[in-house]
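**Student:** Quick one: this structure, given as C-alpha cells, is what I'll be asking you about.
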Amino acid sequence: MLTTMLLLGACQGPKDPQTALEQENLKKAIYCMDLLENKKDLVASRSECFGEVYIQHTPRFPDGRDAVLSAFEARFKKYPDYAMEIKRTGADGDLVWLHLHTKRTPDILGYAVVNIFRMQDGKFVEHWNVGQAVAEKSANDNTMF
C-alpha cells in the first residue's frame, strides 16, 4: 500500500505554485493598484477594479467602494506627488496581497504597507491592510523592502 502511494505521488507532475485564477487575480490587482495609486484614475478604478459590494476592514473607512475612492480623491488633492511602488506580491485562492512602499511626498521615507484583497470576478470585494512608517534607523542591516 505504501509503495503504491509513493509511486502514485512520484508519477504526478509538479504542482503549479499558482492556479490560473490566482495568476489572473494577481495580475488584475497589480494593474488596479497602479491605476488607482499611481495613475490616480478614480473613474476607471471604480468600474474596473471594485465590486458592487466592497467590504472594508480598515477601521478608519466605512464599507463600500465610494468611501475608499473618496479617501483617495482627498489624498490626491492633499498630496499631489503621492507615489506607490509594489515590492512583492502573492496570491492564495481568491486572496491577493501586495507589499507596497508608499510616499506622500518625494522627500520622506514613506510607509511599508501590505494590502490584502479578496477578489471576485476580477474585482476587489474585500480589503484588509497593515502599515508602518519606514524607520530612519534599524537594529539590523535589512531593509523593510
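Values quoted throughout were computed directly from the atomic coordinates according to the rules given, and no laboratory measurement underlies them. For clarity, every value in this text was computed on a predicted model and none was experimentally measured. Note that each Cβ is placed from the backbone with ideal geometry, even for glycine, and that neighbours are counted across all protein chains shown.
**Student:** Among the residues that make up region 51-65, is at least one of them surrounded by 15 or more Cβ atoms within 10 Å (Cβ to Cβ), in contact (Cβ under 8 Å) with a residue 40 or more places away in the chain, under 12 Å from the mean Cα position of the chain (by Cα) and within 25 Å of T19 (Cα to Cα)?
**Tutor:** Within region 51-65 (the criterion being surrounded by 15 or more Cβ atoms within 10 Å (Cβ to Cβ), in contact (Cβ under 8 Å) with a residue 40 or more places away in the chain, under 12 Å from the mean Cα position of the chain (by Cα) and within 25 Å of T19 (Cα to Cα)), the answer is no, since none of the residues qualifies.
**Student:** Any residue that is in contact with an Asp or Glu (Cβ under 6 Å, 6 or more places away or on another chain), among the charged types (D, E, K, R) and within 25 Å of L21 (Cβ to Cβ) - is there at least one of those in region 77-99?
**Tutor:** No.
**Student:** Out of all the residues in region 80-98, is one or more over 18 Å from the mean Cα position of the chain (by Cα) and either more than 16 Å from M33 (Cβ to Cβ) or polar (S, T, N, Q) (or both)?
**Tutor:** Looking through region 80-98, at least one residue is over 18 Å from the mean Cα position of the chain (by Cα) and either more than 16 Å from M33 (Cβ to Cβ) or polar (S, T, N, Q) (or both).
**Student:** Please determine, by comparing only the residues of region 94-139 that are outside any strand (DSSP E or B) and in contact with a Leu (Cβ under 8 Å, 6 or more places away or on another chain), which one is farthest from F50 (Cα to Cα).
**Tutor:** So the residue we want is E136.
**Student:** Right, something else. Which of the following residues is among the hydroxyl-bearing types (S, T, Y), surrounded by fewer than 15 Cβ atoms within 10 Å (Cβ to Cβ) and either within 19 Å of I30 (Cβ to Cβ) or free of Cβ contacts under 8 Å to residues at least 60 places away in the same chain (or both): S70, S45?
**Tutor:** Exactly one residue qualifies, and that residue is S70.
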